[in-house]
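Data first, discussion second: the structure below is written as structure tokens.
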Amino acid sequence: RCHRCPHLPTWPYKKCEKPCMLSEYTDQYHLYPITLPRGSFKPKEAYKMAQISMEGISTTKGDYIAHEVLPQKRKPPEKHVKSDESMDLTSTYKQDYNSYPQVSQVPSCLPRATRCVPSAKMDTNTTYKGDYVLWNEPKTEMIRPNNRFCPSEEKFDHKTIVQDDYLYRGPVATQSCKPLNLVQKNKVPFENTTNYRVNYVPHPLKKRYIHKYEKYKVNEIPFDGLTTHKISYKGLAGQPAKLAKPYQTKRLHDLPFSSTTEFQEKYQAWPRPLVFTKKPDVYLPSLEKMDLHTTTQIHYKHPNGKPAKICRSLPQLKKSTEPFNSSSIMKEDYKPWLCKRLKPITHAPELTFPAKPMDCLTTFQAHYVPHPLTVMKNYKPGWSGPNQHTLLDAKTTYGTSYTPKRIVRCLASYKDPPGYVFEGTDADGHSLYLPASKSECLQSGH
């Protein structure tokens, strides 16, 4: 009933390469008719090209005409000719500001600073060295107890606490509390009848209900066009509504409506004058040569001149016969002191190094000396079970109680299934069968 047909339709019917998808699910749950979605009413935005051809001339191309550019001719530089005239090096400063006689230097008005230098020697001891002096007290002993490890001189026996306390006392004979199996083996085969098989008898299956779609029938009664709103909510009797629009007198003339407005009549477009375009003059190079002299070269000429003289008087240095005094205030006031270098305070060494060389042995190597291994006695009890050479009994409760049942063959594998009567074939080529009991009931009813 729940199988799906894997075969293709037979020859007298439709030929197709797809397998049949008929099943119980497809029979009970039918597909509904598929409605296609409504098309879009949105207009397509298509680009409309202008029918007038575009002019490829711009204002720049129309106004600015390209002229022929000729290469620029450069004049060769003139050679420098050295003049024989001498240059006048006088200036307005030398002419207006005359030199004055020598003025003596003003002596300083500040008094000479006198400092008294002490003759006593400086004490180089600091307050820290003077106040904080070492006390002559003995060294304090440590409060920590002396917990040094002292290994025992006895030999290590390698025994644990379990081996010392829990001694083996031999096997203990215990009594089994398992109940005896008093079930007698029966040679009669096991009956496979159950309450379900005895009480629940298989009844014949009813024919599956196939829903049939009713054909659409056109209604002969004409449509009245009434709705529940129109039927239920009826208008009350009353006066008709009056128009609130003011009364307008009819025009006497039947002239058509003028399409011009007051703006169009008063504000009319001015006539645009034509744009004046001046033609560029044709460039004509001059025939005369260019004068490259400037106003500075013409007016400011250097006549015969002489080099300027220095107006400042030269300093007259007096040579003294006395030796040079190299002493200064810094050298007189800050004189070097006669100080001796202090030796560092070093304490006497407290450790005394032995004269013998170091043996490089650790405490582990010195104390934990390897001892010979002691052979331990095996205290494991002997095996009191059955011998290993006895063969295993392969009999189980499942093998003795549950006898093998015959394999039930599927009815769909038979060409003519037993207990069913062939009825016919459907449009897809499937053979339909009915139970024998139901077919007899139908024949007796006819």
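Checked against the criterion of being under 30 Å from Glu423 (Cα atoms), open to solvent by 100 Å² or more (accessible area, probe 1.4 Å) and not hydroxyl-bearing (Ser, Thr, Tyr), the candidates Lys234, Lys217, Lys206 yield just one match: Lys206.
To keep it simple, each residue is scored yes or no on (1) among the aliphatic types (A, V, I, L, M); (2) farther than 30 Å from Lys155 by Cβ; (3) exposed (fewer than 10 other Cβ atoms within 10 Å of the Cβ); (4) modelled with pLDDT of 80 or more.
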position: Leu361; (1), (2), (3), (4): yes, no, yes, yes
position: His367; (1), (2), (3), (4): no, no, no, yes
position: Leu373; (1), (2), (3), (4): yes, no, yes, yes
position: Met376; (1), (2), (3), (4): yes, no, yes, yes
position: Tyr379; (1), (2), (3), (4): no, no, yes, yes
position: His389; (1), (2), (3), (4): no, yes, yes, no
position: Asp393; (1), (2), (3), (4): no, yes, yes, no
position: Cys410; (1), (2), (3), (4): no, yes, yes, no
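So, of the residues in segment 18-29 that are in a loop (DSSP other than H, G, I, E, B) and either among the β-branched types (Val, Ile, Thr) or open to solvent by 90 Å² or more (accessible area, probe 1.4 Å) (or both), which turns out to be modelled with the highest pLDDT? Here the residue is Tyr29. Does Pro344 satisfy being open to solvent by 100 Å² or more (accessible area, probe 1.4 Å), part of a loop (DSSP other than H, G, I, E, B), of a type outside the set (A, V, I, L, M) and modelled with pLDDT under 80? No; evaluated as a whole, the condition is false for this residue.
Assigned to a loop (DSSP other than H, G, I, E, B), among the hydrophobic types (A, V, I, L, M, F, W, C) and either modelled with pLDDT of 85 or more or on the phi > 0 side of the Ramachandran plot (or both): is that true of Leu252 in this structure? The answer is no for Leu252. For the structure I just gave you, tell me whether Lys82 is closer than 30 Å to Lys309 by Cα, open to solvent by less than 100 Å² (accessible area, probe 1.4 Å) and basic (Lys, Arg). For Lys82, the condition - closer than 30 Å to Lys309 by Cα, open to solvent by less than 100 Å² (accessible area, probe 1.4 Å) and basic (Lys, Arg) - is not met.
Considering segment 128-172 alone, what residues qualify as being within 30 Å of Gly382 (Cβ to Cβ), of a type outside the set (Asp, Glu), open to solvent by less than 100 Å² (accessible area, probe 1.4 Å) and part of a loop (DSSP other than H, G, I, E, B)? His158, Thr160, Gly170 - these are the residues of segment 128-172 that are within 30 Å of Gly382 (Cβ to Cβ), of a type outside the set (Asp, Glu), open to solvent by less than 100 Å² (accessible area, probe 1.4 Å) and part of a loop (DSSP other than H, G, I, E, B). Among residues of segment 94-121 that are open to solvent by 100 Å² or more (accessible area, probe 1.4 Å), those with a beta-carbon under 9 Å from a residue that is aliphatic (A, V, I, L, M) and modelled with pLDDT of 70 or more at least six positions away or on a different chain give the pairs Arg115/Ile329; Lys121/Leu338. Scanning segment 260-278 for residues that are outside any helix (DSSP H, G or I), more than 30 Å from Gly62 (Cα to Cα) and either open to solvent by 100 Å² or more (accessible area, probe 1.4 Å) or touching a Leu at 6+ places or on another chain (Cβ under 8 Å) (or both) gives Tyr267, Gln268.
The values are calculated or read from the model by the stated rules, or taken from the named source; none is laboratory data. Just so it is clear, the model here is predicted, and its values are computed rather than measured. Quick reminder, even Gly has a Cβ in these numbers, built from the backbone with ideal geometry, and neighbours come from all protein chains shown. The accessibility values were calculated without ligands, DNA or RNA, using every heavy atom of the protein model including side chains. Shrake-Rupley method; radii C 1.70, N 1.55, O 1.52, S 1.80 Å.
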